[in-house]
Amino acid sequence: MSEKCFYHPAPMTRPNTRFRPYLAEKPMSQPVSRGPSHPTTKSKLKQKTEGTTKLSGSYLPGYLGFSSTLSLCPKIPTSSAQRPYSHLNADAHFASVEQALRKVMSLARQLEHALLQYYDGTRLTTIPRGLIVDPVLLLLQELRSSEDGRGLAEILARTKENIRRRFPPVTTNCTVLEFLNSFTNENIRLEFISLVFSIVGLATLYTEAPSGFDPLMFGGEMYSASKACLQMCEAYDHVNDLTIWSRFLNIILSGTLFGDASDTVYHGLNELVGQLLIMGFNRLVSSPPDVPFYILETRKRVFAIVVAQDKSMATLVGRPPRIDSSFCDTSLPLQLTDEEVVLNGAQLDRALQRLGPDGWQQLDQPHWQTALFRLRYQHALLQEKVLRLSLRNRDSSFSEKLHALYEEYHRAVSNIPPQYRYDKAMWAKSNPLPCLVFLVVHLGYLYSGFMIERMLLQDAQITITPLLETSTKLLSGALDFIHREHGHHELRERQTWLFLHYCLPGAGTLATELHQAALRGVPLPTSTPVPHIVRDLSVFLAYFERKKMPKRPDLQVCVQISKVIGNLLDDTLTHGLPSRSMRNQSQGDDLLLNAPNPTGQVEPDVGSSFGSYIPDVLPPLPESMTSEDFLKWFDELIWDNPSLGFEQAPC
């Protein structure tokens, strides 16, 4: 009866922390391995994990907070309860899984190459390589060797059997090998199959595709298959680390296919946040789980990135965030590499000794990939405070809180470690991906400052000058990316969301205020020379003209917005530029049309490229528009509207 027994500490003797039930765990039948924590051959993953719990006879509670009455009540036996999978036709659902696995089997060798290229190309990955790449490669190899289909039938049969079993508890002494054994080979689980579909779909989208292969079509098929697996796992009430990893990768895949502003991504993020809270990822300090170090650090990584995604999505669509930091006490993930996370014993101790007391690496050349988790999570906490003020009902204390937030914003920017601060000069002497990481963080903070300054302007606490200066920096950051994209394959057509999240509002603000200054015949209140602003806007708009954007609703709307900004710039040039800016405008305006961009090319006249076309799919603009008018219009855009008629990848 060990699977049903719970130990309840006596009220007068339990620790001062909140009360929670503890599941009595059955001891592992095999001895704990202290050998290498990384499997290298298929035979190492062939050990079957004992003690797998039947689903119908157990109850594994998730995280229950202090106020929960469920944590005080005896558990109701589940064997007689009506389960959500009672009427599930598993064979019908597994038909789609089998079809997708056959597709993967036919492309197994190509997918192995894409997966290795994806991870070896220093992609920004969250789940440590040792916990995901090795088992996926072994499954692909097993499928590749199963030409007669018998191996595939065995995999499906084992998966059907194991779906009725709970994922075994991950104990403190569980090695990486034992953890991988719990969901591969004889113990293969549907959660893992879902993860495989998502990761191979992502790998093909981010690597070079062979001739005749359509990565978007294949990615759409893998997204649908992964989603079907997750729906079955949900019907069987499975919530564990593997389901979270699979759902996390499924969201990244859907964002790549349908756009970050897609309702598909929004709904998927809702489901992921719910599972994170069920697992208690938001309380890893006050309620530390009894899990190995590599699992705890992976949970911190996933939670940090999901918090950042939550705040970015909330900012983009103007909706409240789903995760409230007031209920989170998770510490930042340590700045360890994927290889260091899965170490144990003395090797892990040596890796931890290279960290400072704040968790940052104390090396001359620190690991930049893992810095992203910490930098984005820290920015997300600031982003949440900006959202609280921008989306809440404004009361008498609004002005005071806004002023205090502006000061906090400047402190947060100054607290970024010097080695992780963006500088455009780093592109000439560094790998493009770390430059991109630091640029993303730089633009994120700039856009938070942009939002605060917009509210300060509405509250009459500042003039428009700081907002224009920040808009100029946002536009400059976008141009830095544009000028380097063509020289680096790893950047091409993969980071266009930068424009959606950060750069178009800044470009629109500059264009509208420049237009107003021309109509009124007054100088533009900014320290940047007006010809420089117009030239940068021209380069930015020419990018959208020449670029063939993926046919996703959000990016196609970006193209339309760029045309709107182009029309404003056309009209500005027609009326004549403002006579002088506030300072440093000694250059003649007649130099504008022939001014080369930083790549050394002469940009075409914007008016000749965009004409006077404003597409009907966008809401009408005011006849005479200020930057605030433009930003209000921008706020009301629908980024994921099927009525626009844009094609979407199959799902």
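What follows draws every value from the coordinates through simple rules; no lab data is involved. Since the model is a prediction, treat every value here as computed from it, not as a measurement. In this analysis, Cβ positions are derived from the backbone assuming ideal geometry, glycine residues included, and neighbour counts consider all displayed protein chains.
Spelling out what I want: for every residue of segment 261-276, take phi, set θ = phi - 60°, compute 6.51 cos²θ - 1.76 cosθ + 1.60 (Karplus), and round to whole Hz; glycine and proline get x.
For segment 261-276, the Karplus-derived couplings read 8, 5, 4, 4, 5, 4, 5, x, 5, 4, 5, 5, 4, x, 5, 4 Hz, x marking Gly and Pro.
Please go through the residue pairs Lys311/Lys385; Lys401/Lys632; Lys424/Lys551; Lys103/Lys227; Lys160/Lys227 and name each one whose alpha carbons sit more than 19 Å apart in this structure.
Lys401/Lys632; Lys424/Lys551, as the Cα separations exceed 19 Å there.
Can you put Ile462, Ile323, Ile199 in order, fewest other beta carbons within 10 Å first?
Ile462, Ile323, Ile199
If I take every Cα pair under 8 Å that is 6 or more residues apart in segment 232-355, average their sequence separation and divide by the length, what percent do I get for the relative contact order?
It comes to 24 percent, rounded to a whole number.
Stretched out fully, how many nm does the piece from Arg129 to His486 gain, at 0.36 nm a residue minus the Cα gap?
Between Arg129 and His486, full extension yields 125.7 nm more.
May I ask for the equivalent-ellipsoid semi-axes of segment 162-223, computed as the square root of five times each C-alpha gyration tensor eigenvalue and listed largest first in whole Å?
31, 13, 8
Past the 18 angstrom mark, what percentage of all C-alpha to C-alpha distances in segment 258-415 do you count?
65
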